[in-house]
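Peer 1: Supplied in structure tokens, the structure appears directly below.
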Amino acid sequence: MSDQTSILIPTPKHSLADDATVQIRQAILEGQLAPGEHLREEVLAEMLSVSRGPVREALTRLERETLVVREPNRGVFVCQLHRADVDEVYSLRLSLEKLAVQLAIKNPQPEALRAMQKTVDDMRDKAALGISSHEAAQLNTNYHEQLCVASGHRRLHASWTNLRSQIYLFLLTRSEANSEFLKTFDVMHQEILDAIIAKDEGSATALLEKHFLNAYNEVIGHYDIMGR
């Protein structure tokens with residue numbers, strides 16, 4: 001038996017605000033709380049069986065994630081992406097992920113690349129069985145986050161993570177705008193990954209740009225139809 005005294009590191013406590021944040025975030029991302037919906041603390045507190053304090057803290061956290069917005073003298077509302085938001089998310093994502101492709105080729109992270117392949121396999125399997133727009137958006141988001149992890153650049157990944165919720169909403173809109181896309185959405189993702197593994201930066205970058213542009217055009221077309 002070692003003479004050294006064991007040091008016990010306390011496990012962080014899981015608070016009611018943590019639980020409320022997870023549940024409200026999930027309700028937003030799954031469409032149970034619609035874009036533009038007014039979020040009243042008392043209603044959410046009753047729905048989650050907690051006091052208003054944890055709900056207030058949860059909404060503050062989700063505001064930092066830009067999943068909700070606070071309007072003076074009106075209250076808190078579920079974020080609704082408008083044309084300017086779509087343009088900014090598109091352009092910033094493209095810059096970050098093009099750099100991620102370059103770095104993933106120069107300094108590949110095998111575990112992250114394997115995770116990307118697993119996600120593409122899941123896309124293919126679920127598309128064959130029929131997949132919901134929410135499932136597709138989740139897999140799509142996971143793939144692109146794994147690409148950022150594959151870059152080995154912590155700050156790049158952190159910057160991408162700050163946009164994650166808005167990226168999910170963007171990709172969810174893309175899935176809803178073009179249901180045909182869901183039948184073969186694994187194909188382009190596989191092509192990008194294959195080019196990265198082959199260390200073909202030119203092809204990988206060109207494929208990523210094409211993929212992003214197609215998504216952008218479909219989302220904008222959907223927004224124009226919806227009048228947003």
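Peer 1: What FRET efficiency comes out for K98 versus S49 if R0 is 35 angstrom and r is the Cβ-Cβ distance? Round to the nearest 0.05. Before the final figure, lay out the partial values.
Peer 2: Details: r = 46 Å, r/R0 = 1.30.
The pair K98/S49 has a calculated efficiency of 0.15.
Peer 1: Still on this model: Counting Lys and Arg as +1 and Asp and Glu as -1, each charge on the Cβ, what is the dipole of the chain about the Cα centre in debye, to the nearest 20?
Peer 2: Working: 25 positive and 32 negative charges, 90 e Å.
Its charge dipole is roughly 440 debye.
Peer 1: What ranking, highest mean first, results for peptides 28-36, 67-75 when packing means the other Cβ atoms within 10 Å averaged over each residue?
Peer 2: Details: 28-36: 14.8, 67-75: 12.8.
By packing density, highest mean first, the sequence is 28-36, 67-75.
Peer 1: For region 116-153 and region 79-103, what is the separation of their C-alpha centers, rounded to whole Å?
Peer 2: With region 116-153 and region 79-103 each reduced to a Cα centre, they are spaced 18 Å.
Peer 1: A follow-up question, please. Over 23 Å between Cα atoms: which of K126/K199; K106/K183; K106/K126; K98/K118; K98/K210 fall into that group? List each step's numbers first, then the result.
Peer 2: Details: K126/K199 28 Å; K106/K183 32 Å; K106/K126 32 Å; K98/K118 21 Å; K98/K210 12 Å.
Exceeds cut-off: K126/K199; K106/K183; K106/K126.
Peer 1: A follow-up question, please. At 27 angstrom or more along the helix axis (alpha-carbon based) and mean Kyte-Doolittle of -1.0 or higher, what helices does the chain contain? Whole DSSP H runs only.
Peer 2: Values: long enough: 83-106 (35 Å, 0.18); 110-129 (29 Å, -0.69); 201-226 (37 Å, -0.06).
Passing helices, by number: 83-106, 110-129, 201-226.
Peer 1: Rounded to two decimals, what ratio of Rg to Rh does the chain give with C-alpha atoms and a Kirkwood Rh?
Peer 2: Details: Rg = 20.0 Å, Rh = 19.3 Å.
With Rh from the inverse mean 1/r over Cα pairs, Rg/Rh is 1.03.
Each reported figure results from applying straightforward, stated rules to the coordinates on display, with no laboratory input. Model, not experiment: these values are computed from the prediction. Every residue, glycine as well, gets a Cβ built from its backbone with ideal geometry; the counts of neighbours run over all protein chains shown.
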